[in-house]
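Here's the structure we're looking at; comments come further down.
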Amino acid sequence: MMKKISILGSTGSIGRQTLDVVRANREAFCIMGLSGNHNIDLLEAQIKEFQPKIAAVMDHEKALELSKRLGKCSTEVLAGMEGLIAIATMEEIELLMTAVVGMVGLLPTIKAIQSKKNIALANKETLVTAGEIVMEEARRNQVKIIPVDSEHSAIFQCLKGYNLKEVNRIILTASGGPFRGFQRNQLEKVTLEETLKHPKWNMGKKISVDSATLMNKGLEVIEAKWLFDLEQHQIEVVVHPQSIIHSMVEFIDSSILAQLGCPDMRVPIQFALTYPNRVENQLQRLNFSELRELTFEKPDMENFTCLKLAIEAMNQGGSYPTVLNAANEVLVDRFLQRKIGFMDIPNEIESVLENNPFKKVEDINEIIVIDQWTRDFVNNRISS
Ligand SMILES: NC(=O)c1ccc[n+]([C@@H]2O[C@H](COP(=O)([O-])OP(=O)(O)OC[C@H]3O[C@@H](n4cnc5c(N)ncnc54)[C@H](OP(=O)(O)O)[C@@H]3O)[C@@H](O)[C@H]2O)c1
């Protein structure tokens, strides 16, 4: 039987690769909903190819333009957050791929969970900003959250069939990003172009910057805590520049399981779409006789303070991860617009965390208030 799915963020890097997987398995999947924000040229092409029932565009003007362009096409075009939620909660779908970037994915993900949809989760900011609430909602609705991030997919695969009580710790691997080995004075001079050139992965702009600051690994530590219900001390990060081992689980008997493969996001995406089954594909295979070395080193948290700040925010709990995430989203956006330098990202995040007036978080409405307070605080500081 065909699995009916919707994709939030189909025009992005993960969204496009999800459609590659669907293209290679036409008989297995049926696309019911797609969404984009600015790139309506690509969304239009995707609509023509996959003929979803609904397409949503966050930007209202672009939604109107797309609707005009499509004319009498059978796909209904919706706009704004209402559109994203409509796609996420469509009666027909079994699985929602959340591949938007940023905390904008939170509300549609929550609504999808409440509508009993399983979630293939790429949008890590959702779990960073509201992990406890999202996971509790998933438990209450008996919904599966299947990770798409390569590290979390690796751990998810290593854990299959094991009791979480038998886990001693997990080891998240990190490539180290384009500036591995750099000192603070070198990091102060890096350009946007250098930052976006990741040595191993070809990704969207925000996650590329996050990978360069090591904030991405910090966000992943928080994501792992909620996904796998772990204590802080059970999560370790190790730099593994070859990006062949995607992550590992150490069990209480000291045995370690790892998941390996060529760095290609279509592998964890396909696993999330076909879970609990595996299906054959034509992707590149690992050739062990050509693998010269697999190396490991400690992450440098002195020069790359974003990782340290994220771990501290997780340890403080409550509102701190929400503040960290919102500040990072604003600052990365400003860096992408060339308004601030690379090192302003960790420096400003540190300052907003020190000024955080919120402690506990009770519900999604409070998360939204804290997120907005943080965005205003950071924007005011930068403008002055
Ligand atoms: N890329 C990777 O290899 C990778 C790996 C692991 C995890 N992830 C995670 O997956 C998520 C997506 O990453 P990505 O690299 O695919 O990002 P991306 O290439 O920037 O794509 C983001 C998608 O979200 C849409 N979008 C952006 N802002 C939006 C808004 N305000 N409202 C609604 N939609 C919006 C974009 O639409 P338009 O393009 O139409 O503007 C696009 O479809 C992130 O959370 C990232 O951390 C990515």
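What follows draws every value from the coordinates through simple rules; no lab data is involved. These figures come from a predicted structure and were not determined experimentally. Positions of Cβ are backbone-derived with ideal geometry, glycine not excepted, and every protein chain shown enters the neighbour counts.
Key figures
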| read-out | value |
| --- | --- |
| Computed label-point distance, nm, for sites K48 and T191 using a 7 Å Cα→Cβ extension | 3.6 |
| Gaussian network model of the chain, springs between alpha carbon atoms under 10 Å - residue of L230, L106, L96 with greatest fluctuation | L230 |
| Fewest-first ranking of V378, V104, using other Cβ atoms within 10 Å as the exposure measure | V104, V378 |
| Rounded D (µm²/s) - the chain, Kirkwood Rh over Cα pairs, Stokes-Einstein at 4 °C, 1.567 mPa s | 61 |
| Two-site label geometry, R184 and N141: point separation in nm, points 7 Å out along Cα→Cβ | 4.5 |
| 10 Å Cβ shell holding at most 14 others, DSSP loop, chymotrypsin sites (Phe, Trp or Tyr not before Pro): longest site-free stretch of the chain | 1-161 |
| Ranked L164, L294, criterion: other C-beta atoms within 10 Å, fewest first | L164, L294 |
| Computed label-point distance, nm, for sites C73 and K298 using a 7 Å Cα→Cβ extension | 5.4 |
| Inter-centroid distance (Cα atoms) of the stretch 204-244 relative to the stretch 260-333, Å | 5 |
| Extension gain, L257 back to K359 (0.36 nm per residue minus Cα-Cα distance, nm) | 33.0 nm |
| Angstrom value of the Kirkwood radius, inverse mean 1/r, which spans all Cα pairs in the stretch 61-170 | 15.5 |
| Too-long pairs where the Cα-Cα distance tops 18 Å, listed order kept, from K308/K360; K124/K197; K68/K205; K116/K144 | K308/K360; K124/K197; K68/K205 |
| Efficiency of FRET between N287 and A28 - r from beta-carbon atoms, R0 25 angstrom, step 0.05 | 0.35 |
| Order of L187, L286, L121 - criterion: other Cβ atoms within 10 Å of each residue's Cβ, fewest first | L286, L187, L121 |
